[in-house]
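> Have a look at this one before I ask anything.
The values are calculated or read from the model by the stated rules, or taken from the named source; none is laboratory data. Values in this document were obtained by computation on a predicted structure and should not be read as measured data. Cβ atoms come from the backbone with ideal geometry, glycine included; neighbour counts cover every protein chain shown. All accessible areas refer to the heavy atoms of the entire protein, side chains included, with ligands and DNA or RNA removed. Shrake-Rupley method; radii C 1.70, N 1.55, O 1.52, S 1.80 Å.
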Amino acid sequence: MAAASAARALGRRSRQVFDIFVAEVPWTVSSKELKEYFSQFGSVQRCQLPFDRDTGFHRRYCWIKFTTPEDVQNVLQKDSHILEGSKV
């Protein structure tokens with residue numbers, strides 16, 4: 001019984017999401033650059049940078065998905081994040 005409970009708990013943990021929302025992303029920054037920047041704080045699983053179909057430009061915000069909650073805490077411990085001269 002305890003093993004089944006532990007397996008369920010592990011399954012729930014593996015589906016947890018550790019995302020941060022990043023706003024005011026400069027137009028010139030790509031998802032690759034965002035992923036490279038935020039990887040200094042931990043393991044980045046995905047960078048989702050939505051684009052506007054009408055303009056073809058990204059919408060100046062993104063979500064960064066990390067592997068662990070510690071990675072997110074590492075990002076939040078830094079006072080400000082500057083990409084291409086702009087605070088995000």
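> Could you grab me the full set of residues in region 40-60 that are farther than 12 Å from Phe18 by Cβ and open to solvent by 60 Å² or more (accessible area, probe 1.4 Å)?
Residues satisfying the conditions are Gln40, Gln48, Phe51, Arg53, Asp54, Thr55, Phe57, Arg59, Arg60.
> Right, something else. Within region 69-88, count every residue that is touching a Phe, Trp or Tyr at 6+ places or on another chain (Cβ under 7 Å) and open to solvent by 60 Å² or more (accessible area, probe 1.4 Å).
1
> Mind counting the residues in region 61-88 that are touching a residue at least 24 places away in the same chain (Cβ under 8 Å) and within 16 Å of Val17 (Cβ to Cβ)?
13
> Kindly indicate whether Lys87 is more than 14 Å from Val29 (Cβ to Cβ) and basic (Lys, Arg).
no
> Only one of (1) part of a helix (DSSP H, G or I); (2) within 16 Å of Glu24 (Cβ to Cβ) is not met by Cys62, so which one is it?
Going through the list (1) part of a helix (DSSP H, G or I); (2) within 16 Å of Glu24 (Cβ to Cβ), Cys62 breaks only (1).
> Given the conditions (1) modelled with pLDDT of 95 or more; (2) in a loop (DSSP other than H, G, I, E, B), and given that Asn74 satisfies all but one, which numbered condition is not satisfied?
It is condition (2) that Asn74 fails.
> Inside region 49-59, can you point out the residues that are part of a loop (DSSP other than H, G, I, E, B) and either within 13 Å of the chain's Cα centre (by Cα) or of a type outside the set (Gly, Ala, Ser) (or both)?
Leu49, Pro50, Asp52, Arg53, Asp54, Thr55, Phe57, Arg59
> Which of the residues belonging to region 14-33 are surrounded by 12 or more Cβ atoms within 10 Å (Cβ to Cβ), in a strand (DSSP E or B) and at pLDDT 95 or above? Can you show your working first?
To start, the set of residues in region 14-33 that are surrounded by 12 or more Cβ atoms within 10 Å (Cβ to Cβ) comprises 18-20, 22, 25-26, 29-31, 33.
Narrowing further to those that are in a strand (DSSP E or B): 18-20, 22.
Hits for region 14-33 are Ile20, Val22.
> Yes or no: Phe66 at pLDDT 95 or above, surrounded by 15 or more Cβ atoms within 10 Å (Cβ to Cβ) and within 16 Å of the chain's Cα centre (by Cα)?
yes
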